[in-house]
Amino acid sequence: MNHFYNADEWEYTTLLKQHHASLVQEFDQWLPAQWIQNAEHKIDQQGTWHFVPFLTRGKTVEYFLHQCPTVQKIMQTVPIFDNCTFSIMGPGAVIKQHQGHGNQHLRVHLGIRTSGKAWICVGDQTQHWSNGEVLIFQDSETHCVENPDTDYRVVLLFDIRRSDYFNHRLNYIEDTL
């Protein structure tokens, strides 16, 4: 069973990749003192895990979003459900096994700043993040994350409905035939 979805079959992947450099610049404007510490107590972690949030539980975080026009454009174009943030794992951080939303959501990660050493394991499959590359997985499946690097791992993280993935995937496949 494949626990990761094929990001290259999803029509929004190209848009995300095209805006990678702008997203890096938008992330770089935020100083570590401005990052929000993860307050999710049900997820066991070691090390630091921070966020620069744009959309949390369906509510826009204007302070951050106002200063990130590329994120704004993506949020207006991509069918993001209820969560969009820069997720920042500190050097040596570990997020232990946990499960997220129900199975109607998929989690999307776009590598913003990563050396390729940080990884995520969903079920029995492990993937490493790459700058400008997209990973899509079922957040309700058991997964864990580790950043063995000496630098931060940063991804643009957001949720979509599974139906949006499949609807936009089918359109992509039909358009390429």
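Side notes on the structure shown:
- Taking the Cα centre of segment 31-88 as reference, the dipole from Cβ charges on Lys and Arg (+1) and Asp and Glu (-1) amounts to some 120 debye.
- Restricting the trypsin sites (Lys or Arg not before Pro) of segment 5-79 to loop positions (DSSP other than H, G, I, E, B) with no more than 14 neighbouring Cβ atoms within 10 Å leaves K42, R57.
- For the chain, the dipole from Cβ point charges (+1 on Lys and Arg, -1 on Asp and Glu) about the Cα centre works out to 300 debye, to the nearest 20.
- Dipole axis of segment 4-176 (+1 Lys, Arg; -1 Asp, Glu on Cβ), positive-most option in H19, Q45, I160: Q45
- Cross-link pairs K17/K59; K17/K96; K96/K117 - those with Cα-Cα distance over 22 Å: K17/K59; K17/K96
- Highest average first, the peptides 74-82, 128-136 ordered by how many other beta carbon atoms sit within 10 Å of their residues are 128-136, 74-82.
- Percentage relative contact order, the chain, counting C-alpha pairs under 8 Å, at least six apart: 28
- All Cα pairs of segment 52-139, percent lying beyond 19 Å: 45
Coordinate-derived values only; no laboratory data. The structure displayed is predicted, hence computed values, not measured ones. Because the Cβ atoms are built from the backbone with ideal geometry, glycine has one as well, and the counts that use them run over all protein chains shown.
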